[in-house]
Amino acid sequence: DVAEAVADRLPSVELSLDSSMASNSFSGLASNVISTLGLNVFGPVFDANKRLNHANKLKGVVKEKYSIYLNKILSALTEIEDAFVVEKFQMQKDKQLADQELLAERALEESRFHYLHGKVGYLSVLTLSEKLNLIQRDNLLSKRLLFNNRVDLYLALGTDDGQQRDDREIKNYN
(Lines give C-alpha, C1' and ligand atoms only; values in the text may rest on other atoms or scores of the structure.)
Protein backbone atom coordinates (compact mmCIF):
# COMPACT_ATOMS: atom_id res chain seq x y z
CA ASP A 1 0.00 0.00 0.00
CA VAL A 2 2.78 2.42 0.89
CA ALA A 3 4.71 1.54 -2.27
CA GLU A 4 1.59 2.10 -4.37
CA ALA A 5 0.99 5.47 -2.73
CA VAL A 6 4.59 6.55 -3.33
CA ALA A 7 4.49 5.32 -6.93
CA ASP A 8 1.17 7.13 -7.45
CA ARG A 9 2.98 10.41 -6.71
CA LEU A 10 5.16 9.98 -9.82
CA PRO A 11 4.04 10.78 -13.36
CA SER A 12 3.03 7.80 -15.47
CA VAL A 13 2.53 7.19 -19.16
CA GLU A 14 0.17 4.47 -20.32
CA LEU A 15 -0.57 3.62 -23.90
CA SER A 16 -3.87 1.93 -24.50
CA LEU A 17 -6.47 1.80 -27.19
CA ASP A 18 -9.87 2.28 -25.66
CA SER A 19 -13.24 2.76 -27.28
CA SER A 20 -13.34 6.08 -25.43
CA MET A 21 -10.34 7.14 -27.49
CA ALA A 22 -12.12 6.52 -30.77
CA SER A 23 -12.75 9.54 -32.87
CA ASN A 24 -13.93 10.27 -36.39
CA SER A 25 -11.00 12.52 -37.14
CA PHE A 26 -7.29 12.42 -36.55
CA SER A 27 -7.37 15.75 -34.69
CA GLY A 28 -9.98 14.40 -32.25
CA LEU A 29 -7.88 11.30 -31.63
CA ALA A 30 -4.76 13.38 -31.14
CA SER A 31 -6.63 15.67 -28.78
CA ASN A 32 -7.79 12.67 -26.68
CA VAL A 33 -4.27 11.22 -26.56
CA ILE A 34 -2.71 14.56 -25.60
CA SER A 35 -5.27 15.25 -22.88
CA THR A 36 -4.89 11.76 -21.39
CA LEU A 37 -1.12 12.01 -21.58
CA GLY A 38 -1.25 15.45 -20.00
CA LEU A 39 -3.40 14.21 -17.12
CA ASN A 40 -1.13 11.23 -16.50
CA VAL A 41 2.06 13.28 -16.59
CA PHE A 42 1.00 16.53 -14.97
CA GLY A 43 -1.74 15.23 -12.63
CA PRO A 44 0.71 14.07 -9.97
CA VAL A 45 2.64 17.33 -10.21
CA PHE A 46 -0.39 19.51 -9.53
CA ASP A 47 -1.91 17.11 -7.02
CA ALA A 48 1.34 16.34 -5.23
CA ASN A 49 0.27 17.42 -1.75
CA LYS A 50 -2.79 15.19 -1.70
CA ARG A 51 -0.82 12.20 -2.91
CA LEU A 52 2.11 13.05 -0.64
CA ASN A 53 -0.21 13.30 2.36
CA HIS A 54 -1.79 9.95 1.50
CA ALA A 55 1.65 8.32 1.18
CA ASN A 56 2.77 9.86 4.49
CA LYS A 57 -0.43 8.70 6.18
CA LEU A 58 0.16 5.13 5.00
CA LYS A 59 3.79 5.32 6.17
CA GLY A 60 2.57 6.51 9.58
CA VAL A 61 0.11 3.63 9.85
CA VAL A 62 2.88 1.15 9.03
CA LYS A 63 5.20 2.77 11.59
CA GLU A 64 2.47 2.67 14.24
CA LYS A 65 1.75 -1.03 13.63
CA TYR A 66 5.48 -1.77 13.74
CA SER A 67 5.82 0.17 17.00
CA ILE A 68 2.91 -1.75 18.56
CA TYR A 69 4.50 -5.01 17.43
CA LEU A 70 7.88 -4.06 18.93
CA ASN A 71 6.21 -3.05 22.21
CA LYS A 72 4.49 -6.43 22.42
CA ILE A 73 7.78 -8.22 21.81
CA LEU A 74 9.56 -6.09 24.39
CA SER A 75 6.81 -6.70 26.92
CA ALA A 76 6.92 -10.45 26.32
CA LEU A 77 10.70 -10.54 26.64
CA THR A 78 10.52 -8.53 29.86
CA GLU A 79 7.93 -10.93 31.30
CA ILE A 80 10.06 -13.91 30.34
CA GLU A 81 13.20 -12.40 31.82
CA ASP A 82 11.36 -11.53 35.05
CA ALA A 83 9.97 -15.05 35.26
CA PHE A 84 13.45 -16.54 34.88
CA VAL A 85 14.85 -14.27 37.60
CA VAL A 86 11.98 -15.14 39.96
CA GLU A 87 12.40 -18.84 39.20
CA LYS A 88 16.13 -18.72 39.95
CA PHE A 89 15.46 -16.95 43.26
CA GLN A 90 12.65 -19.37 44.11
CA MET A 91 14.83 -22.41 43.38
CA GLN A 92 17.52 -21.06 45.72
CA LYS A 93 14.88 -20.50 48.39
CA ASP A 94 13.55 -24.04 47.87
CA LYS A 95 17.04 -25.47 48.39
CA GLN A 96 17.49 -23.46 51.60
CA LEU A 97 14.10 -24.59 52.90
CA ALA A 98 14.92 -28.22 52.07
CA ASP A 99 18.19 -27.88 54.02
CA GLN A 100 16.31 -26.29 56.95
CA GLU A 101 13.73 -29.09 56.87
CA LEU A 102 16.46 -31.71 56.99
CA LEU A 103 18.12 -29.99 59.97
CA ALA A 104 14.77 -29.60 61.76
CA GLU A 105 14.01 -33.31 61.26
CA ARG A 106 17.41 -34.24 62.73
CA ALA A 107 16.86 -31.90 65.69
CA LEU A 108 13.40 -33.40 66.30
CA GLU A 109 14.79 -36.95 66.16
CA GLU A 110 17.50 -35.98 68.62
CA SER A 111 14.99 -34.29 70.92
CA ARG A 112 12.76 -37.38 70.87
CA PHE A 113 15.76 -39.56 71.70
CA HIS A 114 16.64 -37.32 74.66
CA TYR A 115 12.99 -37.26 75.79
CA LEU A 116 12.81 -41.07 75.71
CA HIS A 117 15.92 -41.20 77.90
CA GLY A 118 14.54 -38.62 80.28
CA LYS A 119 17.06 -35.87 79.54
CA VAL A 120 14.55 -33.24 78.30
CA GLY A 121 10.85 -32.52 78.74
CA TYR A 122 8.18 -33.08 76.15
CA LEU A 123 7.84 -29.33 75.58
CA SER A 124 11.12 -29.25 73.64
CA VAL A 125 9.83 -32.10 71.41
CA LEU A 126 6.58 -30.18 70.76
CA THR A 127 8.47 -26.96 70.01
CA LEU A 128 10.77 -28.65 67.51
CA SER A 129 7.80 -30.48 65.97
CA GLU A 130 6.01 -27.14 65.50
CA LYS A 131 9.13 -25.59 63.92
CA LEU A 132 9.40 -28.55 61.55
CA ASN A 133 5.75 -28.16 60.56
CA LEU A 134 6.25 -24.44 59.85
CA ILE A 135 9.30 -25.16 57.72
CA GLN A 136 7.40 -27.86 55.81
CA ARG A 137 4.53 -25.44 55.26
CA ASP A 138 6.94 -22.76 53.99
CA ASN A 139 8.54 -25.35 51.73
CA LEU A 140 5.16 -26.27 50.22
CA LEU A 141 4.26 -22.60 49.72
CA SER A 142 7.61 -22.02 48.06
CA LYS A 143 7.05 -24.92 45.68
CA ARG A 144 3.58 -23.59 44.84
CA LEU A 145 5.08 -20.19 44.04
CA LEU A 146 7.67 -21.88 41.83
CA PHE A 147 4.96 -23.74 39.91
CA ASN A 148 2.84 -20.58 39.58
CA ASN A 149 5.88 -18.77 38.22
CA ARG A 150 6.43 -21.54 35.68
CA VAL A 151 2.80 -21.28 34.60
CA ASP A 152 3.27 -17.52 34.16
CA LEU A 153 6.39 -18.19 32.12
CA TYR A 154 4.61 -20.67 29.86
CA LEU A 155 1.72 -18.26 29.43
CA ALA A 156 4.12 -15.45 28.56
CA LEU A 157 5.71 -17.70 25.97
CA GLY A 158 2.41 -18.88 24.55
CA THR A 159 -0.10 -16.02 24.62
CA ASP A 160 -0.29 -12.78 22.71
CA ASP A 161 -1.70 -10.42 25.32
CA GLY A 162 -1.44 -12.08 28.73
CA GLN A 163 -5.25 -12.35 29.06
CA GLN A 164 -5.12 -15.96 30.26
CA ARG A 165 -2.58 -15.06 32.94
CA ASP A 166 -4.78 -12.19 34.13
CA ASP A 167 -7.78 -14.54 34.33
CA ARG A 168 -5.79 -17.01 36.45
CA GLU A 169 -4.64 -14.23 38.78
CA ILE A 170 -8.25 -13.17 39.32
CA LYS A 171 -9.20 -16.76 40.19
CA ASN A 172 -6.32 -16.94 42.72
CA TYR A 173 -7.58 -13.87 44.57
CA ASN A 174 -11.19 -15.10 44.80
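The values are calculated or read from the model by the stated rules, or taken from the named source; none is laboratory data. Here the structure is a predicted model, which means the values were calculated and not measured. With ligands, DNA and RNA removed, areas are computed over all heavy atoms of the protein, side chains included. Shrake-Rupley method; radii C 1.70, N 1.55, O 1.52, S 1.80 Å.
Heavy-atom accessible surface of Phe89, to the nearest 10 Å², is about 120 Å², with a 1.4 Å probe and all protein chains retained.
Taking only protein heavy atoms and a 1.4 Å probe, the accessible area of segment 80-133 is 60% carbon and sulfur. Once backbone amide H atoms are built at 1.01 Å from N, Val120 has Tyr115 as its partners under 5 Å, excluding neighbours fewer than 5 places away on the same chain. Couplings 3J(HN,Hα) of segment 136-153, computed from phi: 5, 5, 4, 5, 5, 4, 5, 5, 4, 4, 5, 5, 4, 5, 5, 4, 4, 5 Hz, in residue order, whole Hz [Karplus 6.51 cos²θ - 1.76 cosθ + 1.60, θ = phi - 60°; x for Gly and Pro]. Provide the solvent-accessible area of Leu77, counting protein heavy atoms only and rolling a 1.4 Å probe, rounded to the nearest 10 Å². Rounded to the nearest 10, that gives 100 Å².
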